[in-house]
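Below is one structure, written out as structure tokens; comments come after it.
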Amino acid sequence: MWRIFLVFKDVVLNPFWAFTHKIPIFDNSFPQKLKRMQRTEIQQLGEFALIEKVTQGFKLQNKESILGVGDDAAVIDTGGEDYWLLSTDMLLEGVHFDLMYSSLKHLGYKAVAVNVSDIAAMNGIPKQITIGLALSNRFSVEAVEEIYTGIRAACENYQVDLVGGDTTSSRAGLVISVSVTGTVPKNRISYRGKAKHQEIVCVTGDLGAAFLGLQVLEQEKQVFLANPDMQPQLEGKDYIVGRQMRPEARTDIIHELRELDIVPTAMIDISDGLASEIFHICKHSESGAVLFEDKIPIDGKSYEQAIEFKIDPITCALNGGEDYELLFTVTHQDFEKIKYHHSISAIGYIIPKEDGIQLKTRGGNMVPIQAQGWKHF
Ligand code: ADP
Ligand code: MG
């Protein structure tokens, strides 16, 4: 009776009683309810529209939260000279990696590098990481140690501290989720959305290699599955395979930009392909852009591999993913300081929004760039 009274009191006084009270709730009508619910396929909306839709009702409630959802990292002001940055990225077995060809060490390294890359994209320096790990009983202690050897190598390379995490069991393969913090002086932060008309669009390193490395690994996997005595033919493919398996975040460029006193007016890291990322910069900056096909940096090895696969190399650069290079815009004045930099290429410039996002081909035609990127759903 006393218990019934307690439940009654909770229902009346607290509309969220079901969440707050420790009475187990069984609802076997849930599958039927799900059937009756209106159903929009996630695929139909796409990743970015989905995030926008579910997060739009959230107002930032704390004065320290300067920027929430929408950039490469959240921005937090704790009152010092620097902003704090916070970002999360997850790697899932079967979606982001395949243990038939990903080494556990490389996987650990990559999980950290892709997170550090989001801090770099805000012009920040990474500081701490936490690691969420979901493991099935397929993994041994030694296997987990291998993952952590890679994580430790990345921590040493990027000078970040591993400060915590969470470990749980998984029924659906390995999941590694990393959160990273970083700092950036308040006057040096680069958002996605401050690119201005006529500024120069730059990219670091070269593009398309990670995508082509993945295609090579997938091809060799199929050969191996058809005939397990066949060993993978990876001679001469180290560069592109390495770019897929063990990408690097460009913190080196962030340090150099500081030394040269350059603050990119907009910046993003290239995780989903150049087309998708220039689209984000333009959308957030309310601008358009022209990119020159012949200026987009593609390594000779990537070029050869693309031709071998009969894919246009420029398509790999535009729509391949996981390069983790930086795409940024600078003023003409700042560009003067980096125009001879060996690892930075000027690939285009910002134009008015009405003129769209265009690729000027080698043949001199203007072709609209479609933001294809990776399809997660
Ligand atoms: P990136 O490719 O730079 O890691 P994403 O495309 O994953 O960025 O995310 C874009 C923005 O959306 C980021 O600000 C990220 O924090 C936010 N975001 C992504 N997924 C979610 C989610 N499930 N809930 C809230 N915010 C999210
Ligand atoms: Mg990013």
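The values are calculated or read from the model by the stated rules, or taken from the named source; none is laboratory data. Since we're looking at a predicted model, the values are computed, not measured. So basically every Cβ, Gly included, is an ideal-geometry build from the backbone, and we count neighbours across all protein chains shown. Just so you know, the surface numbers come from the protein's heavy atoms only, side chains and all, with ligands and any DNA or RNA stripped out. Shrake-Rupley method; radii C 1.70, N 1.55, O 1.52, S 1.80 Å.
Filtering ARG152, ARG138, ARG171 for residues that are closer than 15 Å to ASN115 by Cα and basic (Lys, Arg) leaves a single hit, ARG152. Any residue that is among the small types (Gly, Ala, Ser) and buried (at least 20 other Cβ atoms within 10 Å of the Cβ) - is there at least one of those in segment 155-178? No; the residues of segment 155-178 include none that is among the small types (Gly, Ala, Ser) and buried (at least 20 other Cβ atoms within 10 Å of the Cβ).
Here ASP89 fulfils each of the conditions (1) within 23 Å of LEU174 (Cα to Cα); (2) of a type outside the set (Phe, Trp, Tyr); (3) in contact with an Asp or Glu (Cβ under 7 Å, 6 or more places away or on another chain); (4) away from ligand 1 (no atom under 14 Å from the Cβ) apart from (4).
Whenever a residue of segment 120-139 is closer than 22 Å to GLU248 by Cβ and touching a residue at least 24 places away in the same chain (Cβ under 8 Å), its partners that are of a type in the set (Lys, Arg) and away from ligand 1 (no atom under 16 Å from the Cβ), lying with C-beta atoms within less than 7 angstrom and at least six residues away or across chains, give the pairs ASN123/ARG188.
Given the conditions (1) within 16 Å of ligand 2 (Cβ to nearest atom); (2) within 15 Å of ALA209 (Cα to Cα); (3) open to solvent by 30 Å² or more (accessible area, probe 1.4 Å), report the number of the one that GLY321 does not fulfil. Here GLY321 meets the rest and fails (3). Looking only at segment 252-266, decide whether some residue is in a helix (DSSP H, G or I) and in contact with a Phe, Trp or Tyr (Cβ under 8 Å, 6 or more places away or on another chain). Among the residues of segment 252-266, not one is in a helix (DSSP H, G or I) and in contact with a Phe, Trp or Tyr (Cβ under 8 Å, 6 or more places away or on another chain), which makes the answer no.
Go over the candidates VAL141, VAL160 one by one and state the one that is of a type in the set (A, V, I, L, M) and in contact with a Pro (Cβ under 8 Å, 6 or more places away or on another chain). On inspection, the qualifying residue turns out to be VAL160.
Among the residues in segment 323-342, are any farther than 20 Å from ASP72 by Cα, among the aromatic types (Phe, Trp, Tyr) and assigned to a strand (DSSP E or B)?
There is no residue in segment 323-342 that is farther than 20 Å from ASP72 by Cα, among the aromatic types (Phe, Trp, Tyr) and assigned to a strand (DSSP E or B).
Residues in segment 301-325 that are β-branched (Val, Ile, Thr) and within 21 Å of the chain's Cα centre (by Cα): ILE314, THR315.
Return the only residue of THR40, THR55, THR20 being modelled with pLDDT under 75 and either surrounded by fewer than 10 Cβ atoms within 10 Å (Cβ to Cβ) or not aromatic (Phe, Trp, Tyr) (or both). Exactly one residue qualifies, and that residue is THR20.
Residue-level analysis places SER276 outside the set of residues that are touching an Asp or Glu at 6+ places or on another chain (Cβ under 7 Å), polar (S, T, N, Q) and either within 13 Å of ligand 2 (Cβ to nearest atom) or not in a loop (DSSP other than H, G, I, E, B) (or both).
The single condition among (1) closer than 27 Å to PHE211 by Cβ; (2) free of Cβ contacts under 8 Å to residues at least 40 places away in the same chain that GLY164 does not satisfy is (1).
Taken over segment 119-138, the criterion of being open to solvent by less than 30 Å² (accessible area, probe 1.4 Å) and among the polar types (S, T, N, Q) is satisfied by ASN123, SER136. PHE224 - would you say it is aromatic (Phe, Trp, Tyr), open to solvent by 20 Å² or more (accessible area, probe 1.4 Å) and more than 30 Å from VAL290 (Cβ to Cβ)? Yes; evaluated as a whole, the condition is true for this residue. Listed conditions (1) in a helix (DSSP H, G or I); (2) acidic (Asp, Glu); (3) surrounded by 17 or more Cβ atoms within 10 Å (Cβ to Cβ) are all met by GLU248, apart from (1).
For LYS127, state whether it is away from ligand 1 (no atom under 16 Å from the Cβ) and closer than 22 Å to PRO185 by Cα. Against the criterion (away from ligand 1 (no atom under 16 Å from the Cβ) and closer than 22 Å to PRO185 by Cα), LYS127 qualifies.
For segment 268-308, filtering for residues that are within 15 Å of ASP323 (Cβ to Cβ), surrounded by fewer than 24 Cβ atoms within 10 Å (Cβ to Cβ) and within 12 Å of ligand 1 (Cβ to nearest atom) leaves 3. Apart from one condition, LYS110 fits all of (1) more than 16 Å from ligand 1 (Cβ to nearest atom); (2) of a type outside the set (Val, Ile, Thr); (3) part of a helix (DSSP H, G or I); (4) touching a residue at least 60 places away in the same chain (Cβ under 8 Å); the exception is (1). Counting only residues that are assigned to a loop (DSSP other than H, G, I, E, B) and acidic (Asp, Glu), which one in segment 71-95 is farthest from ILE176 (Cα to Cα)? So, considering only residues that are assigned to a loop (DSSP other than H, G, I, E, B) and acidic (Asp, Glu), the one farthest from ILE176 (Cα to Cα) is GLU81. Any idea which residue in segment 62-87 is surrounded by the most Cβ atoms within 10 Å (Cβ to Cβ), counting only those that are closer than 26 Å to HIS280 by Cα and away from ligand 2 (no atom under 16 Å from the Cβ)? Taking the candidates together, the pick is TYR83.
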